[in-house]
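What follows is one structure encoded as structure tokens, with my remarks underneath.
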Amino acid sequence: MRVFLIILDGVGIGQLPDAHKYGDVGSNSLGNTQRAVGLNLPTLESMGLGRIAPLGSVRAVERPQAAWGKLQPRSPGKDTTIGHWELAGIVLEEPFPTYPEGFPQELVERFQEAIGRKTLGNRPASGTQIIAELGAKHLATGWPIIYTSADSVFQIAAHEELISPEKLYEICQIAREILTGPHAVARVIARPFVGEEGNFQRTEGRRDFSLAPPGPTLLDDVKARGQAVIAVGKIEDIFANRGITESYHTTDSRSTMEQVLKLARESWQGLLFANCIDTDMIWGHRNDPEGYAQSLAMVDEKLAELLPALGEEDVLLIASDHGCDPTTESTDHSREYTPLLVWGKGVEPKSLGTRFFSSVGATAAEILGVEYSGEGESFWQEILSR
């Protein structure tokens with residue numbers, strides 16, 4: 001048996017009941033994008049995406065090819081790490097720390113002392129905006145730029161000609177070791193950039209240094225059973241490289257889907273866990289609905305290639321970790337339901353209603369015949385063709 005778990009990062013399908021607590025009332029990543037620029041997703045449409053919620057140009061087909069539903073988190077927050085961890089069975093009671101006023105001065109001073117440099121920034125900001133504002137001063141002083149967002153992140157930006165990506169990763173690892181206890185942010189993120197004043201551009205050298213999950217996840221369970229756990233995209237970063245037997249670190253959604261397609265044609269047993277990042281990292285955060293729609297269309301085309309490549313016993317699970325509505329004023333993640341599609345030659349196409357994120361991990365474990373350590377209840381028996 002093989003399970004392909006593909007995460008469409010930042011693809012929500014309507015605000016959660018507690019969205020008001022996060023400033024996300026009205027967020028609907030798919031619905032608002034469809035209304036703004038339209039969506040052309042024939043493969044996802046055929047699987048039943050339009051049956052989950054009204055999506056205009058994405059029709060609610062009469063006979064979907066997959067089981068369909070939507071997911072909601074039990075954990076607080078709307079962070080990538082929280083979402084992925086819960087999909088793999090970890091439910092958090094408390095959110096990760098965030099810093100809407102910037103990081104405490106004593107924490108910054110400790111970090112500066114550890115790396116032997118002063119820093120610039122230390123405030124919530126868009127990554128492209130802050131390098132435009134502080135890039136020249138960074139080049140003049142050699143001081144890295146630190147910033148955060150509405151999410152639990154400590155981001156460090158540096159020009160590649162001044163601080164190499166390898167050195168930046170070392171600096172991020174130092175920050176990761178410092179940011180523990182009450183300041184245990186979900187992720188430290190390296191943000192290398194290039195260019196000159198007026199034309200600074202971030203590179204594909206981003207790396208995430210995440211906390212290790214506080215308990216065993218689906219990945220640990222599958223690996224312990226002796227099966228493959230293949231990570232594609234930034235999965236290795238999100239899970240601190242734990243529970244993984246093989247990893248392909250891709251930097252964009254196209255290369256992620258191409259790697260998934262290549263692996264689908266190879267022989268192995270176990271779990272493939274992939275993340276398509278562009279809808280979040282590029283288009284959602286930059287409030288670009290047209291780019292967001294085009295990125296989804298590209299993934300949809302790759303899915304059309306993937307389905308025929310899957311075997312008789314293979315199961316494809318498509319989900320998301322949070323929303324990232326490109327049409328709202330906010331440039332941050334949004335607290336939303338996310339879509340759920342389950343495709344396989346042994347899957348009965350039917351509605352799954354609303355499930356918790358953790359049901360995905362429980363279901364994948366049952367499909368693979370693995371003892372599951374995480375939270376969540378499997379829905380596999382409900383959709384298994386008899």
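Worth pointing out:
- In the set (1) within 23 Å of the chain's Cα centre (by Cα); (2) outside any loop (DSSP other than H, G, I, E, B); (3) closer than 22 Å to residue 79 by Cα, residue 182 fails one condition alone, (1).
- Contacts under 8 angstrom Cβ, first residue in segment 122-143 being without any contact (Cβ under 8 Å) to a residue 40 or more places away in the chain and assigned to a helix (DSSP H, G or I), partner open to solvent by less than 50 Å² (accessible area, probe 1.4 Å) and of a type in the set (Lys, Arg), 6 or more apart: none
- Of everything in segment 258-295 that is assigned to a loop (DSSP other than H, G, I, E, B) and charged (D, E, K, R), the residue that is most open to solvent (accessible area, probe 1.4 Å) is 265.
- Residue pairs whose Cβ atoms lie under 6 Å apart, sitting 6 or more positions apart in sequence or on different chains, and linking a residue in segment 300-323 that is of a type outside the set (Gly, Ala, Ser) to a partner that is modelled with pLDDT under 95 and outside any strand (DSSP E or B), are 312/345; 313/1; 321/80; 322/78; 322/333.
- Residue match in segment 160-177 (condition: assigned to a strand (DSSP E or B), touching a residue at least 24 places away in the same chain (Cβ under 8 Å) and open to solvent by less than 20 Å² (accessible area, probe 1.4 Å)): no
- Close Cβ contacts (under 8 Å, 6 or more residues apart or on different chains) running from residues in segment 81-97 that are touching a residue at least 60 places away in the same chain (Cβ under 8 Å) and over 20 Å from residue 149 (Cα atoms) to residues that are surrounded by fewer than 24 Cβ atoms within 10 Å (Cβ to Cβ) and among the charged types (D, E, K, R) comprise 86/74; 86/375; 89/375; 90/375; 91/74; 91/375.
- Residue that is in contact with a Pro (Cβ under 9 Å, 6 or more places away or on another chain), among the hydrophobic types (A, V, I, L, M, F, W, C) and within 30 Å of residue 3 (Cα to Cα), where the choices are 163, 156, 115, 90: 90
- Test: residue in segment 337-349 that is farther than 17 Å from residue 67 by Cβ and among the small types (Gly, Ala, Ser): no
- Residue within segment 224-234 that is over 20 Å from the mean Cα position of the chain (by Cα) and open to solvent by less than 50 Å² (accessible area, probe 1.4 Å) present: yes
- Positions within segment 323-333 being within 20 Å of residue 129 (Cα to Cα) and at pLDDT 95 or above, in sequence order: 324, 325, 326, 327, 328
- Of residues in segment 235-257 being open to solvent by less than 30 Å² (accessible area, probe 1.4 Å) and among the hydroxyl-bearing types (Ser, Thr, Tyr), the one nearest to residue 293 (Cα to Cα): 253
- Within segment 191-216, being more than 27 Å from residue 165 (Cβ to Cβ) and either under 16 Å from the mean Cα position of the chain (by Cα) or open to solvent by 30 Å² or more (accessible area, probe 1.4 Å) (or both) holds for 214, 216.
- Where strands (runs of 3 or more DSSP E) sit wholly within segment 300-359, those with at least 2 residues that are of a type in the set (A, V, I, L, M) and buried (at least 17 other Cβ atoms within 10 Å of the Cβ) occupy 314-319, 338-344.
The values are calculated or read from the model by the stated rules, or taken from the named source; none is laboratory data. Keep in mind that this is a model prediction, so the values were computed, not measured. Cβ: placed from backbone, ideal geometry, glycine included. Neighbour counts: every protein chain shown. The accessibility values were calculated without ligands, DNA or RNA, using every heavy atom of the protein model including side chains. Shrake-Rupley method; radii C 1.70, N 1.55, O 1.52, S 1.80 Å.
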